[in-house]
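Novice: Structure in structure tokens, see below.
Bear in mind these aren't lab numbers, they're just calculated from the coordinates by the rules spelled out. Just so we're clear, the structure is a prediction, and the values are computed from it rather than from any experiment. Positions of Cβ are generated from backbone atoms using ideal geometry, with glycine treated the same way; all protein chains shown enter the neighbour counts.
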Amino acid sequence: MTEIQYRLPQKREIVTDFPGPKSQKLAGRRSSVIAAGVVSSVPVYAADVDGGVVVDVDGNSLIDFGSGIAVTTVGGSAPKVVENVQQAVERFTHTCFMVTPYEGYVELAERLAEITPGDHAKKVALFNSGAEAVENAVKIARVATGRDAIVVFDHAYHGRTNVTMAMTAKNMPYKNGFGPFAPEIYRVPVSYPFRDPQGMDGTEAAQRALEMVDKQVGAENVAAVVIEPILGEGGFIVPADGFLPTLADWCQSNGALFVADEVQSGVARTGEWFAVDHDGVVPDLMTMAKGVAGGMPLSAVVGRAELLDAVHGGGLGGTYGGNPVACAAAIGALDTIEDWDLKSRAKHIEAVIHASLDSLVESTDVVGEIRGRGAMIALEFVKPGGKQPHPELAKAVATECLQQGLIILTCGTYGNIVRLLPPLTITDDLLCEGLEVFSDAIVKHEQSH
């Protein structure tokens, strides 16, 4: 493992009122030109990002437990990513792969085919965003199977396009008022161990879902079952052991495709290249984005060669899909993960988080569960004495953390989840300091909410 390199001091430091005057001035400019529907969870404006810190325009240095929603897995300015981008930009910024192709797209496709599960022949198509990748996976599945129905799950999040909004479970803020949505999307219960009936294992939870599919959709009509191996925006839900393999087996037996949406959970975030690796499942198709390109907009569908080749010529693509600069960034990000052994680093971060928080979770009655894998960990806040969601406390804790210089994000269908998504390049000292800030915020607010 090569020693991780940093440009910026890896420290938490608040040097102005919060938010500072420059951030406040930018907020004023923003209000006159930026659509109200575009919101930000943090009121400061970034000027520099490196390792585990975000430095704002006023010079405040914040600990980053958000990674731009799991995007800056290798840090916000990893040297290899920066170097690759600079070299690519000097040559050309765009030709459109559908017009004049280039080697970077091919090389990245080769790398992605190599790291994804399974030893079968694979092919790759590159796009711009996670939602775009998921929507194209649906297109591929429908063409390859000759079927229409897409099965998705409670608490799922798949994107903001019309098809992916239909696939997403949560109404606000993702779907409200934006319908009508694409048809032939069917939702069934997911394995949610914290909220499932006591004693229900993963296989039983899968059978519960699949019985609904058989009765309400018909197995012969299902093109694909699409699931996040760890549900992201829905609350970092880790399905019980046996759930994903049972779904995959059902798909194989019934001629449907098993599609793993690894947009948030993929590319070393959980301690393996992909979250499905923990369950030993080999998807027919996979989608990825976020951490794959070190912050540049790029996504991919990777899957069995015969499935991607089932689509007619010209049926997949897009003007910017697989942009040469984004491909160069992605190759740099993959090199960084390997050079710095960031999969092992993710597992280490998980161990540090549990060592810091497990005793607190056990001693309080407002945290129902701590769960997740690698550097994708969440705490579910509940009202004392039961499992009723407690979104007010989650919001108060996140707000307190921000005031203390820690960027932290909430999520979940009920808004009661705080998720920990630090860059894999964060130092141990900074990680532990952030966890201390987080713990103190829980203790401070658990009695007042």
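Novice: From the alpha carbon gyration tensor of segment 128-181, can you work out the equivalent ellipsoid semi-axes (sqrt of 5 times each eigenvalue) and give them in Å, largest to smallest?
Specialist: 20, 12, 10
Novice: Rounded to two decimal places and with Rh computed the Kirkwood way over Cα pairs, what is Rg over Rh for segment 15-70?
Specialist: Result for segment 15-70 is an Rg/Rh of 0.98.
Novice: Order of Phe92, Phe243, Phe18 from fewest to most other C-beta atoms within 10 Å? Numbers along the way, then the final one.
Specialist: Details: Phe92 11, Phe243 27, Phe18 17.
Going from sparsest to densest Cβ surroundings: Phe92, Phe18, Phe243.
Novice: Continuing with the same structure: With the calculation restricted to Cα positions, what are the radius of gyration and Dmax of the chain in angstrom?
Specialist: Answer for the chain, Rg first and Dmax second: 21.5, 62 Å.
Novice: Still on this structure, I have one more. Taking Rh as the Kirkwood radius, which is the inverse of the mean 1/r over Cα pairs, what is the Rg/Rh value for segment 220-334? Could you put the intermediate results ahead of the total?
Specialist: Numbers: Rg = 15.0 Å, Rh = 15.2 Å.
Radius of gyration over Kirkwood radius for segment 220-334 works out to 0.99.
Novice: Calculate the dipole size of segment 81-339 relative to its Cα centre from +1 charges on Lys and Arg beta carbons and -1 charges on Asp and Glu beta carbons; express the result in debye to the nearest 20.
Specialist: 920
Novice: In segment 353-410, which trypsin sites (Lys or Arg not before Pro) fall in coil by DSSP and have 15 or fewer other Cβ atoms within 10 Å?
Specialist: Lys387
Novice: List, in order, the whole-Hz ³J(HN,Hα) value for each residue of segment 210-220 obtained from phi through the Karplus relation with A = 6.51, B = -1.76, C = 1.60 and θ = phi - 60°; use x for Gly and Pro.
Specialist: 6, 5, 5, 4, 4, 7, 9, 10, x, 4, 5
Novice: Of the options Thr203, Met167, Gly303, report the single residue whose Cα projects farthest towards the positive end of the charge dipole of segment 81-339 (beta-carbon charges: Lys, Arg +1; Asp, Glu -1).
Specialist: Final value for the positive-end residue is Met167.
Novice: Could you give the alpha-carbon Rg of segment 203-266 over 2.2 N^0.38 Å, rounded to two decimals?
Specialist: Ratio of Rg to 2.2 N^0.38 Å for segment 203-266: 1.11.
Novice: Okay, next question. Tabulate in residue order the Karplus-calculated ³J(HN,Hα) for segment 226-231, using 6.51 cos²θ - 1.76 cosθ + 1.60 with θ = phi - 60°, rounded to whole Hz; enter x for Gly and Pro.
Specialist: Going residue by residue, I get 10, 8, 7, x, 10, 5 Hz, with x marking Gly and Pro.
Novice: Now, a different point. When you take every Cα atom in segment 310-361, what is the radius of gyration, and what is Dmax, the widest Cα pair distance, in Å?
Specialist: 19.2, 57
Novice: Report, to two decimal places, the Cα Rg of segment 81-339 normalised by 2.2 N^0.38 Å (N = number of residues).
Specialist: Relative to the 2.2 N^0.38 Å estimate, segment 81-339 comes out at 0.99.
Novice: Among Thr16, Thr73, Thr425, whose mean-square fluctuation peaks in a Gaussian network model of the chain (Cα, cutoff 10 Å)?
Specialist: Thr16
Novice: Continuing with the same structure: Quickly estimate the mean residue ellipticity at 222 nm for the chain, helices only: each DSSP H run with n ≥ 4 gives -39500 (n - 2.57), and the total goes over all residues, rounded to 500.
Specialist: When only DSSP H runs of four or more count, the value is -11500 deg cm²/dmol.
Novice: Please identify, among Thr161, Thr270, Thr287, the residue showing maximal mean-square fluctuation in a Gaussian network model of the chain using a 10 angstrom Cα cutoff.
Specialist: Thr161
Novice: Further question on the same structure: Return the whole-Å distance between the Cα centroid of segment 234-255 and the Cα centroid of segment 295-339.
Specialist: 25
Novice: Measuring from label point to label point, each 7 Å out along Cα→Cβ, what is the Lys11 to Arg30 span in nm?
Specialist: Label-label distance for Lys11 and Arg30, simple model: 2.7 nm.
Novice: Provide the FRET efficiency to the nearest 0.05 for the Asp440-Lys387 pair, computing r from the beta carbons and using R0 = 25 Å.
Specialist: Computed FRET efficiency for Asp440 and Lys387 comes out at 0.50.
Novice: Okay, moving on. Label Ser344 and Thr203 with points 7 Å out from Cα along Cα→Cβ: what is the distance between them in nm?
Specialist: For the pair Ser344/Thr203, the computed spacing is 3.6 nm.
Novice: Right, here's the next one. With each label point set 7 Å from Cα along the Cα-Cβ vector, what nm distance links His354 and Glu220?
Specialist: 4.7
Novice: Do me a favour and compute the ellipsoid semi-axes for segment 266-367 from its Cα gyration tensor, root of five times each eigenvalue, largest one first, whole Å.
Specialist: For segment 266-367, the semi-axes come out at 34, 18, 13 Å.
Novice: A further question follows. So if I take the centroid of the Cα atoms in segment 1-62 and the same for segment 176-216, what is the distance between those two points in Å?
Specialist: What the calculation gives is 39 Å, centre to centre.
Novice: At 1.306 mPa s and 10 °C, plugging the Kirkwood radius over alpha-carbon pairs of segment 64-223 into Stokes-Einstein gives what diffusion coefficient in µm²/s?
Specialist: 83
Novice: For Lys22, go through the aspartates and glutamates and keep the ones whose alpha-carbon is under 15 Å away, minus same-chain ones fewer than eight residues off.
Specialist: Cα-Cα hits under 15 Å: Asp48, Asp56, Asp58.
Novice: Shifting gears a bit: Once you've got the GNM for the chain with C-alpha springs shorter than 10 Å, pick whichever of Asp358, Asp284, Asp148 has the biggest mean-square fluctuation.
Specialist: Sorting by GNM fluctuation, first place goes to Asp358.
Novice: A further question on this structure: Given a cut-off of under 8 Å on Cα pairs at least six residues apart, what relative contact order in percent is computed for the chain?
Specialist: That works out to 22 percent.
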